[in-house]
């Protein structure tokens, strides 16, 4: 069965999925919607199909099997709800919203119709993450250290708190979500942030850097650092420390340290391909059990990152 796909949003991350889907024989990209018509036309010309500027017109005009919604955080309005009303499975890029209220509304609508959903937390699909899970087994993790530290993304909306949600919500969310995936749900969060280093950037009101401490319901603790003010010293990843081993997951490899030495395992798969393939197979079969992050799971990571941002703003511990 070929899965006929429509895209809402045809920007950077959407193009990443389009390139990946073009390599999957069961994927047929048939429609592309963007408020910037030129972008939709470019996608339609590249991959075949029709361009739209109104997502509801696209939903009603095309015989779609699923919709990819790849929008900036602030732009989520009724795109998901309108798809759900038409019984269309949805794949949504993270973060799924800028407010919990909006995310909960969509989560409830999906649950009411028992529709398949997926969210783009591709770190869950890395084979090195699978290897880390196998190495941990049933051993307790003592603590974790995570980071998303680098420069500021160039899109204008990213540097506006009301539009992106801030770095923890929009970018470091991958590390928060990976920590949740490996360590379970979080009980409480406390964060501190700083500003004042990016005064040369216009229309900027997100944190320059932040440190978030987490206590998991399992008893494990973690500290996750975010920074968007660096021109050097970039680092993105998550380290897990157990009694007899330390595991470091970064984008391209897993480092395993034990008393016997250190081993480096290179990333052996394309995690975006894996998450897209898994979503398509779920749509084809009606069985969503292989999806590693559905919409409801992504809402938990959104709740965590919003709480971390609130904690940094208000200077207090927040229980989840």
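See the values below:
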| read-out | value |
| --- | --- |
| Overall Cα dimensions of segment 167-231 - principal axes, largest extent first, Å | 43, 19, 18 |
| Percentage relative contact order, the chain, counting C-alpha pairs under 8 Å, at least six apart | 20 percent |
| Cubic angstrom per residue, convex hull over Cα atoms of segment 202-264 | 122 Å³ |
| Top of 115, 71, 214 by mean-square fluctuation, Gaussian network on the chain, Cα under 10 Å | 115 |
| Centroid-to-centroid separation of segment 251-293 and segment 146-199 [C-alpha atoms, Å] | 23 Å |
| Length gained when the stretch residue 243-residue 231 is fully extended (0.36 nm per residue, less Cα-Cα span) | 0.8 nm |
| Distance (nanometres) between label positions extended 7 Å along Cα→Cβ at residue 156 and residue 60 | 3.2 nm |
| Residue order, fewest to most surrounding Cβ atoms within 10 angstrom, among 287, 200, 177 | 200, 287, 177 |
| Relative contact order of segment 179-241, defined on C-alpha pairs under 8 angstrom at six or more residues apart (%) | 32 percent |
| Taking the convex hull of Cα positions in segment 1-152, its mean projected area over all directions (nm²) | 11.7 nm² |
| Nearest-ten-degree value, helix 173-183 long axis tilted from longest Cα axis of the chain | 60 degrees |
| Shape metrics for the chain, restricted to C-alpha atoms - Rg then Dmax, Å | 19.7, 61 |
| Kirkwood hydrodynamic radius over Cα pairs of segment 172-320, then Stokes diffusion coefficient at 4 °C and 1.567 mPa s, in µm²/s | 74 µm²/s |
| Relative frequency of Cα-Cα separations exceeding 16 Å in segment 1-57, percent | 32 percent |
| Cα pair count fraction exceeding 14 Å, expressed as % - segment 259-305 | 66 percent |
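Each reported figure results from applying straightforward, stated rules to the coordinates on display, with no laboratory input. Given the structure is predicted, the values throughout are model-derived calculations rather than measurements. All Cβ positions, even for glycine, are placed from backbone atoms using ideal geometry, and neighbour counts span all protein chains on display.
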